[in-house]
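Worksheet: one structure, shown below.
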Amino acid sequence: GGEPCRGVAPPLGRVSLVGAGPGCPGLLTVRGRQRLAEADAVVFDRLAAAALPCDLPAAVELHPVGKVAGTHPMPQEEINALLVRLAREGKRVVRLKGGDPYVFGRGGEEAEVLAAEGVPYEVVSGVTAGVAALAWAGIPATHRREAVRLTVLPAHEAVKSDGPQVRWDLLARDEHATLVGYMGVTALPAVVERLLEAGMAPETPAAMVEQGTTARQRRVVSTLAGLQEAVVAAGLGPPALFAIGPTVRHAERLDWYAALPLAGERLLLASSSARLVSTLEAAGADVVL
Ligand code: SAH
């Protein structure tokens, strides 16, 4: 309590590393929504922008740092420095990242910097694309008796030569597993080659999902050996991920999202009637207020 003394630094702010979810704004968590509503500053990646609520306080500082699938328009060091600076200014900072902040988004590195600089921070976990985009494409990440393990990897691991290596030999022999490749478009041919070389069956079910959980979602379902050709034929591009494994077989039968009457529709609404919004969303529409 009491009057703040002149010359004393403002109280240190804090940084919330918030997962924005995979694209559908409804998949932002309740806590993530709360942190955004209380924020003084939001530092967000391009993939996370869809989750930004339209009713953010007008005074909030917005810092787009433009990170999208592998390209980093603002260097990571500058993002780290920005987070530290904003927190030192006493601000409540939301660092909004696509999916879950600790799954392939360099969230761990940002937390390390905050910890080293003595900036209070927390992690608000999010729904990772590797689980949700598959679900919206009809593919359960795991399934009793079929897939009892889930492996997520950044697909470009297949084309790098330094650092820890992926054990393609083990993955190829793991029949009761789902393998999910993030950043999966460019490196797909290399991944397929590694797995086939290591003895995985060419007919193993495989799929690619682009812009999952949004009205722009597209998917192709094929086999390990046929996936690259199918992806090229359909013209899929980032952001997309692939799944390889037995549960991909369910994709046709469990295609609940595409079956919704308004799937693929993106509606701009000038009304904020909660009932109208939830009715349209339940029918599959992507509603932008
Ligand atoms: N932290 C994020 C992943 C960041 S890496 C998460 O937990 O989901 C970025 C990669 O995530 C993209 O290249 C793509 O492979 C995948 N991705 C993100 N959103 C996606 C979406 N809506 N549909 C399909 N893939 C997505």
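The values are calculated or read from the model by the stated rules, or taken from the named source; none is laboratory data. For clarity, every value in this text was computed on a predicted model and none was experimentally measured. No Cβ is skipped: glycine too gets one built from the backbone with ideal geometry, and neighbour counts run over all protein chains shown. Just the protein is used for accessible areas: all its heavy atoms, side chains included, with ligands, DNA and RNA removed. Shrake-Rupley method; radii C 1.70, N 1.55, O 1.52, S 1.80 Å.
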Helix-only [θ]222 nm of the chain, DSSP H runs n ≥ 4, -39500 (n - 2.57) each, per residue, nearest 500:
-7000 deg cm²/dmol
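Return one whole number: the accessible area per residue of the chain in Å², for a 1.4 Å probe.
Working: 14400 Å² over 289 residues.
I get 50 Å² per residue for the chain.
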Over all alpha-carbon pairs in the stretch 216-280, figure out the percentage whose distance exceeds 17 Å.
57 percent
DSSP loop (so not H, G, I, E, B), at most 15 other Cβ within 10 Å: list which trypsin sites (Lys or Arg not before Pro) in the stretch 215-289 pass both filters.
Arg216, Arg253
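Going from most exposed to least, what order do Glu281, Glu252, Glu210 have by accessible area with a 1.4 Å probe?
Output order, biggest surface exposure first: Glu252, Glu281, Glu210.
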Just the number, please: Stokes-Einstein D of the stretch 100-258 in µm²/s, Kirkwood Rh from C-alpha pairs, 37 °C, 0.692 mPa s.
202 µm²/s
Taking the chain as a Gaussian network, where each spring joins two C-alpha atoms under 10 Å apart, which residue of Pro64, Pro205, Pro73 fluctuates the most?
Pro73
Checked against the positive end of the charge dipole of the chain (+1 on Cβ of Lys and Arg, -1 on Cβ of Asp and Glu, about the Cα centre), the farthest of Tyr182, Ala258, Leu289 is Leu289
Charges only on Cβ, +1 for Lys and Arg, -1 for Asp and Glu: so what's the dipole of the stretch 152-280 about the Cα centre, in debye to the nearest 20?
520 debye
What is the Cα radius of gyration of the chain over 2.2 N^0.38 Å, N being its residue count?
1.10
I need the peptides 21-29, 76-84 ranked by packing, meaning the mean over residues of other C-beta atoms within 10 angstrom, with the highest value on top.
21-29, 76-84
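Quick one: pull the percent of accessible area on the stretch 99-250 belonging to carbon and sulfur, 1.4 Å probe, ligands and nucleic acids left out. Can you show the working numbers first?
On the way: 3730 of 6800 Å².
Roughly 55 percent of what the probe reaches on the stretch 99-250 is carbon or sulfur.
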